[in-house]
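Notes for the one structure printed next.
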Amino acid sequence: MVLAATWHVFEGLYDLDLHNYTTYNALAAADPVEVSATEYEVTLRDGAKFSDGTPVTAADVVASFEANIANDTYSAFLSFIDSVTAKDDTTVTFTLKYPFKSLLKGRLALVKIYPAALTEDQLKTNPIGSGPWMYDTINGDDGGTITFVPNENYNGTMPATCETMDWNILLDSTSRTTALTDGSVQAITDVPDSNADQIAASGATVEYVPGFTLPFLMFNTKKEPFNDPRVRQAFFYAIDVEKLIANQMDGHAAAATSFLPESYANYNRASTVYTHDVEKAKQLLQEAGATNLTCKVTYLNTWVSSLIAQIEEDLKAAGITVTTEEQTSQAFYATVAPSEEILPFDVLLASGDPSCFGNDPDLLMSWWYGDNVWTQGRSCWNTTPEWAELQTLLQSAREEADATKQQETWNQCFDLIAENVPLYPLFHRETGTGYYSEKLEDFAPISTTGIVFLGTTPLE
């Protein structure tokens, strides 16, 4: 919910419409002006101000980008930038390490702009943006609230539409359901599938949007026998994904046929598609010398925990005996970091959705397969020749100006990932949103984590 809140309070030079992933001008007055293949200029919107009344300047943009480039999460997405400088008070110059024209606007949209004068403590306790809303109060985590009020200095195209906006942070599924069905709130994200009928019976709309959200298996590829891709493949053939979707997801998902979901424009069916085939799983294990395999599957205490019982039974049927262990995300990821030692896990069942940052294939693949903590200290796949080959392909696609050739290169990436599966989706989940359509004008759900009220008008 923190990320969703920033969409309402902050602006980038460009922002993403998360309903369709198109990019629109936000703080930028127009598209980037191409000076050369590796240099672009962006001019700020005339009269743009932060909610404290101070003008947005090029220096603020430079400071925001430099902070994000230094950030562990965002640095991989911004590695194409060589430097960001202020040409004058309202013009920013981007110097790139290599041509990046086709992906530039969407990637610049990752960075939200804030005053350069803000300290790190102020950013955490009282962040200031130039968006249509500003924070009034921020209280707590689960069970807490966020209250927004209009930014009176906003002069963009999506002004606030009411006097206040209140968000309740309810991580518990039952609490979210009750809040919507008793009319305490007008909309909720992440509708519990088991409560969808109850919510619909209360008069609210439940709408599912196909998206990228996925459960994945990640293997410790530094540890035998998981350093053999045939063993990793066997897990995916062993698991009856369609049964998981029918029973645990109430049908609101689609089995993975590639790294991207079929609803995405850049989707291409992978050369390796996993279907339930127990005999194929046993054959692969035999070829790899891993029959009678015993291992531990760690799973995180999120919605994926509902999948573990069937997965355990499916693996057992293929001759893989597993013990299971539940952990919190914080506890698990704290134990795995870049190291020369063999890491203390075998297989992880977890979930993820980097599409909240954007949906271009390079961004999504870079999240899990780039030169970062995922491949260095989690899957540990970055020491393999296949990983090196993927990096070469990704870089080639980044620099490719021809859309057809770029897509062909991404398709090679999808095939390579599907064949090696160091980390790979079981299925892509639909995101469920519950809301009262008669109370919200121009509201629409999105396919990723969170909720967007930009351009929405409450009717009561």
* **Radius ratio Rg over Rh of the stretch 262-324, counting only Cα atoms, Kirkwood formula for Rh** => 1.07
* Asked: If the cut-off is 30 Å between C-alpha atoms, which lysines fall inside it for K280, apart from same-chain ones fewer than 8 positions away?
  -> K222, K223, K243, K296, K316
* About its Cα centre, how strong a charge dipole does the stretch 207-286 have in debye, to the nearest 20, once Lys and Arg get +1 and Asp and Glu get -1 at the Cβ? -> 400
* Asked: Out of G106, V61, T91, whose Cα points farthest toward the positive end of the dipole of the stretch 47-115 (charges: +1 Lys, Arg; -1 Asp, Glu; placed on Cβ)?
  -> G106
* Using the heavy atoms of the protein chains and a 1.4 angstrom probe, tell me the accessible area per residue for the stretch 244-304 in square angstrom. => 48
* **Among Q186, Y154, Y208 - extreme Cα towards positive end, dipole of the stretch 145-222, charges at beta-carbon** => Y208
* Structure fact -> With a ≥ b ≥ c from the Cα gyration tensor eigenvalues, square-rooted, and the rule rounded for a/c under 1.5, otherwise prolate when a/b > b/c and oblate otherwise, the stretch 363-431 is oblate
* HN-Hα J couplings of the stretch 265-276 from phi, Karplus 6.51/-1.76/1.60, θ = phi - 60°, integer Hz, Gly and Pro as x? -> 4, 8, 4, 8, 4, 6, 5, 10, 10, 8, 10, 5
* Structure fact -> Only helices counted: for the chain, with every DSSP H run of 4 or more residues adding -39500 (n - 2.57) and the sum spread over all residues, [θ] at 222 nm is -8500 deg cm²/dmol
* To do: Show the residues, 5+ positions off or on another chain, whose built amide H is closer than 5 Å to the amide H of L170.
  => G143
* **For the stretch 1-93, the Rg and Dmax computed from alpha carbons only, in angstrom** => 13.6, 39
* Cα gyration tensor shape of the chain, rounded if a/c is under 1.5, else prolate or oblate by comparing a/b with b/c -> oblate
* Determine by what factor the alpha-carbon radius of gyration of the stretch 303-453 differs from 2.2 N^0.38 Å, reporting the quotient. => 1.27
* To do: Report, in debye and to the nearest 20, how large the dipole of the stretch 61-191 comes out about its Cα centre when Lys and Arg carry +1 and Asp and Glu carry -1 on their Cβ.
  => 760
* GluC sites (Glu not before Pro) lying in DSSP loop within the stretch 136-222, provided at most 13 other Cβ fall within 10 Å -> E152, E163
* Asked: Of all accessible surface on the stretch 178-299 at a 1.4 Å probe, what whole percent is carbon and sulfur?
  -> 41
* Dipole magnitude of the chain, debye to nearest 20 (Cβ charges: Lys/Arg +1, Asp/Glu -1, about Cα centre) -> 740
* Asked: Across 5 Å bins from the origin, how do the percents of Cα pairs in the stretch 172-264 run, short distances first?
  -> 2, 11, 17, 16, 14, 13, 10, 7, 5, 3, 1
* Asked: Of S366, G455, A253, which is farthest along the charge dipole of the chain in the positive direction, counting Lys and Arg as +1 and Asp and Glu as -1 at C-beta?
  -> S366
* Asked: Which length gain, in nm to one decimal place, applies between E207 and A401 when the Cα-Cα distance is subtracted from 0.36 nm times their residue separation?
  -> 66.1 nm
* To do: Leaving ligands, DNA and RNA out of it, report the carbon-plus-sulfur percent of the accessible area of the stretch 1-78 at a 1.4 Å probe.
  => 52
* For the stretch 354-399: rounded, prolate or oblate by the Cα gyration tensor [a/c cutoff 1.5] -> oblate
* To do: With a 1.4 Å probe and every protein chain kept in, tell me what percent of the accessible surface of the stretch 370-460 is carbon plus sulfur.
  => 45
* Table column - 3J(HN,Hα) (Hz), the stretch 115-130, Karplus curve with 6.51, -1.76, 1.60, x for Gly and Pro -> x, 4, 6, 5, 7, 4, 5, 5, 4, 7, 9, 8, x, 10, x, 10
* Asked: Accessible area per residue, 1.4 Å probe, Å², for the stretch 1-156: what's the number?
  -> 44
* Asked: Once you list every other residue whose beta carbon is under 13 Å from the beta carbon of E41, what net charge do they have if Lys and Arg are +1 and Asp and Glu are -1?
  -> -3
* Spherically averaged projected area in nm², based on the convex hull that wraps the Cα atoms of the stretch 392-457 -> 7.3
* Structure fact -> Expressed in nanometres to one decimal, the distance between label points 7 Å along Cα→Cβ at A59 and A444 is 4.1
* Asked: Roughly how many whole Å is it from the C-alpha centroid of the stretch 353-395 to that of the stretch 195-212?
  -> 34
* R232 accessible area, assembled protein chains, probe 1.4 Å, Å² -> 10
* Structure fact -> Normalised per residue, the volume inside the convex hull of the alpha-carbon atoms of the stretch 313-373 in Å³ amounts to 146
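The values are calculated or read from the model by the stated rules, or taken from the named source; none is laboratory data. Predicted model only: the values in this text are computed from it and were never measured. Don't worry about glycine lacking a Cβ; one is built from the backbone with ideal geometry, like all the others, and counts go over all protein chains shown. Side chains included, ligands, DNA and RNA excluded: accessible areas come from the protein's heavy atoms. Shrake-Rupley method; radii C 1.70, N 1.55, O 1.52, S 1.80 Å.
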